[in-house]
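Here's a structure for you.
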Amino acid sequence: MAVAPFGVAFGIAAADAGLATWQASAFSLFVFAGSAQFAAVQVLGGGGSALAAIAAGLLLNLRSLAFGVSMSTALVGPWWKRAAWSQLMIDESTAIGSAQTEHQWRRYGYLCAGLSIFATWNLTTFVGAAALSSGGDVVTTWGIDATIPAAFLALLWPRLADAGQRRTALVGGMAALALVPVTPPGVPILASTIGVLAGGRRREPARA
Amino acid sequence: MTATVVLIGLAAGTYGLKAAAPLLLSGRTLPPAVARLAALLPAALLAALALVSTVTRDGVAVIDARLVGLAAAAIALVARAPFIVVVIVAAAATALARALA
C-alpha cells in the first residue's frame, strides 16, 4: 500500500466527514492505524454514534494484537521502550520486521519501517485535510467523494485472493447493504462482522 | 465533540491492542479462534465500508455517480493499478458521469 496517497485520501475523508484539520492530524498521530482511522471517520461522517465508530475501528484493528504477538520476541528492552515502539505496530512495520531472521534485525526493520511510515502518514494526512477544508463544491464536482469507497475497495482487494476472505467479504458486504435502509447509520458496518461466519476454518496442512 | 470522543476512544483502544503483547504477553500465542477472527474481520468490514460509503450520503441511502466510480476503481484494481491510480480513476469516472448527466 502506497502510504503517501493513502494519507492524503484519509485527510480528505476526515475533512469530508466534517473533522477539523487538527482532528484529522490527531487521528494520524495518536491512532496511527490507517484502515481503522478511515473506518471510524466514515462511520462518524455518515451520522453513526461515537460508539459505533470506535467499535468499527477496533474490530478492524484486532489484527494489531496478532502483530504484537509476532513481534514481541524481537521488541525486548525496558518497558518504556516497548511502550513507545508499540505505537508503530502496523501492517507494514510488522511485515518488514517479520521478514528478518535475527531478533536485532527484526526490531531494526520494524522501527525503520514504522518511523518512516509514521512521518509520511502524518504529513500527508495534514496535506489532504488542509487541502479539502479550504474547498467547497470541489468534493462532488471533481468526484472526490468517490475516492472514499475506492480507497476501501483498494484496501480490501489483496485479501480477496483467499476463498475464505472472499466469502467473508461477500456475506459481510451484502448484510451491510441490506441493513442500510432499516438501521441507524453505523449499524450496517458493525453488522457486517457476521460475514466471518462464512469464512470457514483455515485448512490445516496435511499431515503425513 | 463526537469526533474528539471517537479520537480518544479509538486511540486508547488501538494502543491497547498494539501494546498488549509487547508489554504484557511476550512469548505467548493467540488462541487459533482469535487469530482467525482477527484475520477475517477486515474483509467483512472493508467490504461493508466500500459498499455503504458508495450508496449513502450523511447516513441516508443515495444512489448516484459514485457507483460509476466504484466500478471504475474495481476495473483499475483488476488491471493491478497502484493505489493512487485507483482513487484518481474513481474520482475522474464519477466527475465525468456527473458532467454528462
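Return the residues of the range B:47-101 that are part of a helix (DSSP H, G or I) and charged (D, E, K, R); say none if nothing qualifies.
Once the filter is applied, which keeps residues that are part of a helix (DSSP H, G or I) and charged (D, E, K, R), the range B:47-101 yields B:R66, B:R98.
Filter the range A:114-135 for residues that are surrounded by 20 or more Cβ atoms within 10 Å (Cβ to Cβ) and without any contact (Cβ under 8 Å) to a residue 40 or more places away in the chain and give the result.
We begin by selecting, within the range A:114-135, every residue surrounded by 20 or more Cβ atoms within 10 Å (Cβ to Cβ); these are A:114, A:117, A:121, A:124-125, A:128-129, A:132.
Result: A:G114, single match.
Go through (1) more than 8 Å from chain A (Cβ to nearest Cβ); (2) modelled with pLDDT under 95; (3) in a helix (DSSP H, G or I) and name the single condition B:A21 misses.
(1)
Sticking with this structure for a sec: Tell me, please, whether a residue that is assigned to a helix (DSSP H, G or I), modelled with pLDDT under 95 and touching a Phe, Trp or Tyr at 6+ places or on another chain (Cβ under 9 Å) can be found in the range A:47-57.
No.
Name every residue in the range A:115-160 that is more than 7 Å from chain B (Cβ to nearest Cβ) and aliphatic (A, V, I, L, M), in order of residue number.
If the condition is that a residue be more than 7 Å from chain B (Cβ to nearest Cβ) and aliphatic (A, V, I, L, M), then A:L115, A:I117, A:A119, A:L123, A:V127, A:A129, A:A130, A:A131, A:L132, A:V138, A:V139, A:L160 are the ones that fit.
Another question about this same structure. Going through the range A:82-99 one residue at a time, which ones are small (G, A, S), closer than 15 Å to A:F32 by Cα and either surrounded by 18 or more Cβ atoms within 10 Å (Cβ to Cβ) or at pLDDT below 90 (or both)?
Correct list: A:S86, A:S93.
Of the numbered conditions (1) in contact (Cβ under 8 Å) with a residue 24 or more places away in the chain; (2) surrounded by fewer than 21 Cβ atoms within 10 Å (Cβ to Cβ); (3) assigned by TED's automatic domain parsing to the domain that holds A:V8, A:E102 satisfies every one except a single condition; which is it?
(1)
Go through the range A:74-99 and report how many residues are farther than 20 Å from B:A38 by Cα and in contact (Cβ under 8 Å) with a residue 24 or more places away in the chain.
4
The values are calculated or read from the model by the stated rules, or taken from the named source; none is laboratory data. This is a predicted model, so every value here is computed, not measured. Neighbour counts are summed over all protein chains in view; Cβ atoms, including those assigned to glycine, are modelled from backbone coordinates with ideal geometry.
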